[in-house]
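Working notes, structure below.
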Amino acid sequence: MSGSSLLLDTNAFIYFFEGRQSVARLVAQAPTICFSPISEIELLSSAHYLSRKFCR
């Protein structure tokens with residue numbers, strides 16, 4: 001976090017969607033949220049797993 005943007009990696013996205021308060025607080029306060037193409041590929045490749053886990 002640079003003060004003006006937040007760079008989330010794959011684990012941070014997963015923690016955010018799990019509802020972890022420490023990550024959720026940072027994401028809610030960040031004016032700009034960025035993520036890398038690698039994180040995007042990892043998240044898209046695990047979309048089936050994540051949708052089953054979070055849609056229960």
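Every number here is computed from the coordinates shown, using simple stated rules; none is lab data. Please read all numbers here as calculations on a predicted model, not as lab measurements.
The phi torsions of region 25-41, fed into the Karplus equation with coefficients 6.51, -1.76 and 1.60 and a -60° offset, translate into couplings of 5, 5, 5, 5, 8, 6, x, 9, 10, 10, 8, 7, x, 5, 4, 4, 5 Hz, rounded to whole numbers, with Gly and Pro shown as x.
For residue 33, nonlocal amide neighbours, meaning residues 5 or more places apart or on other chains whose placed amide H falls under 5 Å from its own, are 6.
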